[in-house]
Amino acid sequence: MSGPYTAAEGALVPVTRGAVPPRASLGSDAAQVDLSGEWAFRLSGGPDTAPDWSDPGTGWDRISVPGHWQLQGWGAPAYTNVRYPFPIDVPRPPADNPTGDYRRTLDLPSAPPGRWYLRLEGADSAAVVAVNGTPVGEHTGSRLPVEFDVTDQLRTGQNLIAIRVPQWSTGSYVEDQDQWWLSGLFREVSLRHRPSGGIEDVELVGDYDAGTGAGSLRARVRRSPGGDDRPARLEIPELGVLADIGPDPLTIAAGPVEPWSAETPRLYRARVVSASETVEVRVGFRRVEIRDGLLLLNGSRVQFRGVNRHEFDSRRGRAVSRDVMRADVLAMKRLHLNAVRTSHYPPHPNFLDLCDEYGLLVVDECDLETHGFELIGWEGNPSADPRWLEPLRERVARMVERDKNHPCVVMWSLGNEAGVGANLESMARWLHGRDDRPVHYEGDQTCRSTDVYSRMYAAPAEVELIGQRREPALADPDEDARRRAMPFVLCEYAHAMGNGPGGLARYDELFERYERCQGGFVWEWIDHGLEVQGTTGFRYGGDFGEVVHDGSFVIDGLCFPDRTPSPGLVELAAVNAPLRIEVSDGAARIRSRYLWRDTADTGFGWRLLADGTEVAAGSLAVPVLPPGGEAVVGLGEVEQFLPEAARDAELVVQVRAVTHSDRPWAAAGHVLGLGERIVRSGRSVQLAGGTARIEPRSIRLGTAEFGPDGTLTGLAGLRIQHAGFDAWRAPTENDLAVGWGEPEAVATAWRAAGLDRLVLRTEGVRAEVDALVVEASARAAGTSAGFRLVHRWWAEPDGGVGLQLEIAGFGPLPPSLPRLGFSFAVPCADPLRAGIDWYGRGPGESYPDSATAAHWGRWQHRVTDWQTPYVVPQENGLRRAVRRAEIAWPGAQLEIRGLPDVDLTVRPWSIRALDAARHTDDLVAEDRLWIHLDAGQNGLGTATCGPGVEPGFRYCPDRATVSVLLHGGAR
């Protein structure tokens, strides 16, 4: 049988050959048979060599549907970002084209009158369908549903359904979407009865007038053939709506309604009834419009606090269950996200149902990307090739017809990174004529066909210019004026690859300052790391023997592959918090960042912390704030506790906003905003002293021991190893990438300067009246740059030892430095189980440009929990502004006090081991703890795809100081 994978030269197979017209995904009382589960499966080398798919002979095995065959024992996954993993030879797929045949039997009793549709929710990369040996149709458009009328092929009793799925098809040229190439029936398959005179399709789109509070509906229905002639009936009992609807569009007044928004996702249950079928649709009343250069929802300015979302499961690929989708949506809501861009294809319809229900704004993106053509100068790009016009227009039509009723969909997107061309313009014209929601496409920088100005990965300085409407002009003055009047959205920003993204707070500041800048969508929701049996780490591009791959670029999410939030996601949640709280002397300023709801269901309270431990708490009376409102409330009740609090302790006042009652996505008490302020500093440490005893082979200072070169070797019986200055960190993936506009990666400059191979040299050791002074230098072979180091050690009366390390760089050092600090190791048989109790900013890691989520407190972790398990090992785990930390393990302990604070990292392996590892299971705990005391570190940035570290967060001091007290020993 011919198919979309055997297209002749110069021709393209229509994407809907044999299929019925696209329609909305509807809940119906008509009969339906779920065909998910086990199917017979056979993989062949290609469509030309595949045996007859209805042949019950040898070679058949069992496979789960939905699913991908590469994740069930056939073939292997492959990952590319831009490059196609096959020759670009449009429209022909590669000759090496593994082809999967699926088949299953179905017992069908005598059928009621009407038709039967076989529905495929998703087949990658294409599908050819036969029933009882008779071909019924074929389809491309992997992430789009298709239905075939199989009534004439079905028979009473046993039926054989056969589906042939090639790994590659003509459609693969327009599905180059920066994800794993995975094949098969990855969404559900079902058989659906279409009763005579039934409800074939329904359009029910709600509108809302914010001025009057009234709602209305755009309604029409398409009926199945046959049945009686009575019109279909629309019923919304809660609103008293009862109306006859037919094939012509009709506007129906709904009276006063509660509007739908991301913060108040009010839905009304509607029924459309015919004599033979009833379907249900959940209706949300909202108005999406662009007015006076702003994108508005229900009359209020939209600010997207969004994320890009691929469909991904670490075990099942794009075969994502409804339970996992629900967990994602609930997590997004708890983490203060309000929007999703469905990159780069329409999601499973279940996901849109959940966004309707819980409240997420959706940019629904067409199943279209041709990024690989950029590498050949866009020659033959389908977006500009007339042969592709109808297939691409059908793709956008199938998306819109399926998803038109979802109130969560506030914008349509033509696709992603598909260049430009007449076909995209035609798609946009069709869309504008079909629906009134705005059209998005980032690739159209002239905005001829779109309604919003969209960019990817623009640096904050560029965003600021755009916010001021001072961006570089287009060549055409009319086009420039039109674009300059448009709302601006970052469809992708803050690339979340590895440790990062840095700079989220800066973007948020710009979104708040400039009304034209209406937010954006962080790239992306989840790391695409795959689980592989027999390994404990997740796998990425190149781990499956691919010849062409893009490595770990698929590991670029805010969640780890097991859906654990990364520190970057925790930071984003803090930046996006809907209530902004600033604590000053005796008062708190509370500002609502809600766009559509007030704070009536919000509780406010204060806490007084003494060295991180709560010593008093109370509630705050705050007036109900409207969207965008603010209030200043006094903290007089707090002040009465200040004299009674621990006299030597540092005092911090925290003010929190929390959910007052349970919400569908979070329990009561969920934090909606936090502000804090130090109101009294702790007692400063009185530095002591003592004379060092210098001997030929060792030096003693109180309980501390040093080698003859002044290197610390022991403390109160605790052996100290590898002590000394260090300037290296295991590069983050952002460190290893060249930021946009930068000459080279910062890690390249760091290695060129020898910061990863510094050699310490003692220049002098001397005993002063109250200290041991060790002068040293740190240099690397082949460079003239380095650091001058002055260690001043002193003894404490309680048995501790103090260190003040003065660091000064010299020579041509790089414009930023990874870190400057003092490191050492202590023996520990089981370092992962060692415990850490500290007072400082936490509880998670933080870096100079990623610190909004870190707040004052006293925290406890085991060393294993202190580590952040980035799929690709790299710098992690930094806790900043640590005042005091106690590390304990069987037989010994160590106390660290910052003077006044120090940045701290504790690891069960060395920086060098972390630097060398490529997967988490490459890291093996050593028999020691590595402790790093830093004066500072470089920021994170987003150089993997976007700007590097902003100038204000680049670590490049002329001088730095580490000041600490150390107490340790056996216990």
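The values are calculated or read from the model by the stated rules, or taken from the named source; none is laboratory data. Note that the structure is predicted; figures quoted are calculated from it, not measured. Methodologically, a virtual Cβ is constructed for each residue, glycine included, from the backbone with ideal geometry; neighbour enumeration extends over all protein chains shown.
Below are the figures for this structure:
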read-out: Qualifying residue in region 925-944 (condition: assigned to a helix (DSSP H, G or I), modelled with pLDDT of 95 or more and among the aromatic types (Phe, Trp, Tyr)); value: no
read-out: Residue within region 660-668 that is acidic (Asp, Glu), free of Cβ contacts under 8 Å to residues at least 12 places away in the same chain and not assigned by TED's automatic domain parsing to the domain that holds Gly891 present; value: yes
read-out: Unmet criterion (only one of (1) farther than 30 Å from Arg663 by Cβ; (2) at pLDDT 95 or above; (3) of a type in the set (Gly, Ala, Ser)) for Gly520; value: (1)
read-out: Hits in region 550-574 (condition: over 19 Å from Gly503 (Cβ atoms) and not in a helix (DSSP H, G or I)); value: Asp550, Ile555, Cys559, Phe560, Pro561, Asp562, Arg563, Thr564
read-out: All positions within region 739-760 that are assigned to a loop (DSSP other than H, G, I, E, B) and closer than 20 Å to Pro812 by Cβ; value: Glu742, Pro743, Glu744, Ala745, Ala753, Gly754, Leu755, Asp756, Arg757, Leu758
read-out: Options Thr80, Thr99, Thr151, Thr105; residue that is modelled with pLDDT of 95 or more, under 15 Å from Arg194 (Cβ atoms) and of a type in the set (Val, Ile, Thr); value: Thr151
read-out: Residue count, region 711-733 (criterion: crowded, with 23+ Cβ neighbours inside 10 Å, more than 30 Å from Ala747 (Cα to Cα) and either outside the structural domain of Ala913 (by TED's automatic domain parsing) or not aliphatic (A, V, I, L, M) (or both)); value: 0
read-out: Scope region 482-500; condition within 10 Å of Ser454 (Cα to Cα) and assigned to a loop (DSSP other than H, G, I, E, B); matching residues; value: Met486, Pro487
read-out: Elements of type strands (runs of 3 or more DSSP E) in region 764-841, at least 1 residues being in contact with a Ser or Thr (Cβ under 9 Å, 6 or more places away or on another chain), free of Cβ contacts under 8 Å to residues at least 40 places away in the same chain and surrounded by fewer than 19 Cβ atoms within 10 Å (Cβ to Cβ); value: 772-779, 786-795, 801-810
read-out: Filter result for Glu895 (outside the structural domain of Gln654 (by TED's automatic domain parsing), crowded, with 23+ Cβ neighbours inside 10 Å, charged (D, E, K, R) and modelled with pLDDT of 95 or more); value: no
read-out: Odd one out for Asp921 among (1) in a strand (DSSP E or B); (2) touching a Gly at 6+ places or on another chain (Cβ under 6 Å); value: (1)
read-out: Matching entry among Tyr173, Tyr208 (being touching a strand residue (DSSP E or B) at 6+ places or on another chain (Cβ under 8 Å), surrounded by 23 or more Cβ atoms within 10 Å (Cβ to Cβ) and outside the structural domain of Pro87 (by TED's automatic domain parsing)); value: Tyr208
read-out: Flag for Gly415 being part of a loop (DSSP other than H, G, I, E, B), of a type in the set (Gly, Ala, Ser) and either more than 28 Å from the chain's Cα centre (by Cα) or modelled with pLDDT under 95 (or both); value: no
read-out: Hits in region 698-712 - residues which are under 13 Å from Thr762 (Cα atoms) and not hydroxyl-bearing (Ser, Thr, Tyr); value: Phe706, Gly707, Pro708, Asp709, Gly710, Leu712
read-out: Per-region count, region 449-480, residues of a type in the set (Phe, Trp, Tyr) and part of a strand (DSSP E or B); value: 1
read-out: Hits in region 290-313 - residues which are of a type outside the set (A, V, I, L, M, F, W, C), touching a residue at least 24 places away in the same chain (Cβ under 8 Å) and part of a strand (DSSP E or B); value: Ser300, Arg301, Arg305, Gly306, Asn308
read-out: Some residue of region 891-905 being farther than 25 Å from Gly557 by Cα and assigned to a loop (DSSP other than H, G, I, E, B); value: yes
read-out: Region 427-449, subset touching a helix residue (DSSP H, G or I) at 6+ places or on another chain (Cβ under 6 Å) and polar (S, T, N, Q), residue farthest from Glu203 (Cα to Cα); value: Thr446
read-out: Qualifying residues in region 630-653 (those that are in a strand (DSSP E or B) and of a type outside the set (A, V, I, L, M)) - the one surrounded by the most Cβ atoms within 10 Å (Cβ to Cβ); value: Glu630
read-out: Residue match in region 502-509 (condition: without any contact (Cβ under 8 Å) to a residue 40 or more places away in the chain and among the acidic types (Asp, Glu)); value: yes
read-out: Residue match in region 525-546 (condition: within 16 Å of the chain's Cα centre (by Cα), at pLDDT 95 or above and outside any loop (DSSP other than H, G, I, E, B)); value: yes
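Yes or no, residue by residue, for (1) of a type in the set (Val, Ile, Thr); (2) under 28 Å from the mean Cα position of the chain (by Cα):
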| site | (1), (2) |
| --- | --- |
| Thr564 | yes, yes |
| Arg580 | no, yes |
| Val583 | yes, no |
| Arg589 | no, no |
| Thr599 | yes, yes |
| Phe604 | no, no |
| Leu608 | no, no |
| Thr613 | yes, no |
| Leu620 | no, no |
